[in-house]
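Note sheet for the following structure.
The values are calculated or read from the model by the stated rules, or taken from the named source; none is laboratory data. Everything quoted here is computed from the prediction, not taken from an experiment. Every residue, glycine as well, gets a Cβ built from its backbone with ideal geometry; the counts of neighbours run over all protein chains shown. Heavy atoms of the whole protein, side chains included, go into the accessibility calculation; ligands, DNA and RNA do not. Shrake-Rupley method; radii C 1.70, N 1.55, O 1.52, S 1.80 Å.
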Amino acid sequence: MPRKPLPLPIYGLLACCFAISPPTLGGSEDPPLHNAQPHKLGAEARPVYSSLTVHEWGTFTSIAGSDGSAVEWSPLTGSTDLPSFVEHFRNAGFKRGLRGTVRMETPVIYLYDSREETVSVKVAFSKGVITEWYPRASRVEPAANIFDGTLYQQHPDGSIAWDSITLSPLVRAEFPLENRDNHYYAARMTSSRPLRVKTPAGEQQEKFLFYRGVSTFPVPISAKLTTAGKLLVENGSEEEIPHTILFERRGEKVGYRIGGAVQKEAILDAPELTGTIDELGRDLEGSLVAQGLYQDEAHAMVETWRGSWFEEGSRLLYILPPAFVDGVLPLTINPAPAQTVRVFVGRLEIVTPATESSVERAVVTHDSETLKIYGRFLEPILESMIQKESNPARIERFHQALNSYYSSEIAQNRRRD
């Protein structure tokens, strides 16, 4: 993909989710004991297993351009949403300058085993770099020669490895905790086995392996508005997209339309804003369980992203084909698990006329609070509005807003550094 020239202010940038109730942090103390079987929606039984079982969920976030395809953006701008004990690749200023098409958000790997065992885990990341993780990894690569916006240049695929992870049913877990309202902790609300990793600074414990990253791989789906105001969804992969949901929120009003599976293409009507977040949460949990997650894992995923998936704006949520996930995010575990389930949700932001009108009103009235709502998506939204505008005065106004956004990001970098 050719690298487009960056506006001058971005070089300065390169230089430098509702809150949820705190979960029970200790998790289950009496793990199940037989062959792994998924929960059915609403089932009371816990997952059971007799040997190593691995479940993983995560999100790939992108924003659609005028042609419906994912565009380049700076996905790591905005305030951090992670506890301070989470480890980072280089510094905050570096990460905030990374540009890509995909933000890989909070994959968590759950490990289940009825006996004490030591396992190793490695994840590679096509055309990307791993930016955050916990517990401490044995290796995060590439270790050097990645700087600012170079993901579009030739570089090795990113990867992360934990060489020695101990699972034990006899150890009482003691997980790090700060700022109980942080959505990071929702992922602990499962019956997965607590794990331990030895580090030079001492032992670290967690309920899962956590990592994030940024990449430039093309997402398998595109979505653009038709002249009739409908959303044309096109599947560019060879596999069926298992499930799609079109979501919209305007203030306190929300709506969603379930589009189901997409083989090649589908057209979705705009949702009526008569739904509720709780209804959508239940529908999403059901679709995640249908893909193989346990009920408590599906609930933990929805609670983790409740404040982000359901925020202001319009977006297409979809489940990625398993083969696509394995292709861009190869996972290697030793010893080999008896069962591996990976369920990833794609999030594609849609810049609708309602979003453009909201942003323009905020720009004209200097409504910084409304602009802040769109957060890290504000830059690509303004870029999209500039590309479609023909009025020089309006173009200048949008450019000024964009420059103000860049200046704010640079100032945040300096305060962090």
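Miscellaneous remarks
Yes/no per residue for (1) surrounded by fewer than 17 Cβ atoms within 10 Å (Cβ to Cβ); (2) in a helix (DSSP H, G or I):
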{"position": "Leu246", "(1), (2)": "no, no"}
{"position": "Gly260", "(1), (2)": "yes, no"}
{"position": "Pro271", "(1), (2)": "no, no"}
{"position": "Glu279", "(1), (2)": "yes, yes"}
{"position": "Thr304", "(1), (2)": "no, yes"}
{"position": "Leu317", "(1), (2)": "no, no"}
{"position": "Asp326", "(1), (2)": "yes, yes"}
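- Among the residues of the stretch 235-244, the ones that are more than 21 Å from the chain's Cα centre (by Cα) and at pLDDT below 95 come to 1 in all.
- Pair list, Cβ under 7 Å, 6 or more apart: the stretch 75-88 residue under 19 Å from Glu369 (Cα atoms) and assigned to a loop (DSSP other than H, G, I, E, B), other residue at pLDDT below 75 and open to solvent by 40 Å² or more (accessible area, probe 1.4 Å): Asp81/Cys17
- Residue in the stretch 236-243 that is out of contact with any Cys (no Cβ under 8 Å at 6 or more places or on another chain) and over 18 Å from Ser222 (Cβ atoms) present: no
- Restricting the stretch 334-393 to residues that are closer than 26 Å to Leu246 by Cβ and hydroxyl-bearing (Ser, Thr, Tyr), the residue that is surrounded by the most Cβ atoms within 10 Å (Cβ to Cβ): Tyr374
- Neighbours by Cβ (under 7 Å, 6+ apart or cross-chain): first from the stretch 213-234, among the charged types (D, E, K, R) and at pLDDT below 95; second part of a loop (DSSP other than H, G, I, E, B) and open to solvent by less than 70 Å² (accessible area, probe 1.4 Å): none
- First in the stretch 309-328 and more than 18 Å from Leu268 (Cβ to Cβ), second anywhere and assigned to a strand (DSSP E or B) and among the basic types (Lys, Arg), Cβ under 7 Å, 6 or more apart: Glu311/Arg249; Glu312/Arg249; Pro322/Arg342; Val325/Arg342
- Unmet criterion (only one of (1) open to solvent by 20 Å² or more (accessible area, probe 1.4 Å); (2) within 23 Å of Glu239 (Cα to Cα); (3) in a helix (DSSP H, G or I)) for Asp296: (2)
- Conditions (1) within 23 Å of Trp57 (Cβ to Cβ); (2) open to solvent by 50 Å² or more (accessible area, probe 1.4 Å); (3) not in a helix (DSSP H, G or I): number failed by Asp283: (3)
- Filtered residues of the stretch 192-209 (kept if acidic (Asp, Glu) and open to solvent by less than 30 Å² (accessible area, probe 1.4 Å)): Glu206
- Single residue of the stretch 402-417 satisfying the filter (under 27 Å from Trp309 (Cβ atoms) and open to solvent by 20 Å² or more (accessible area, probe 1.4 Å)) that is modelled with the highest pLDDT: Tyr405
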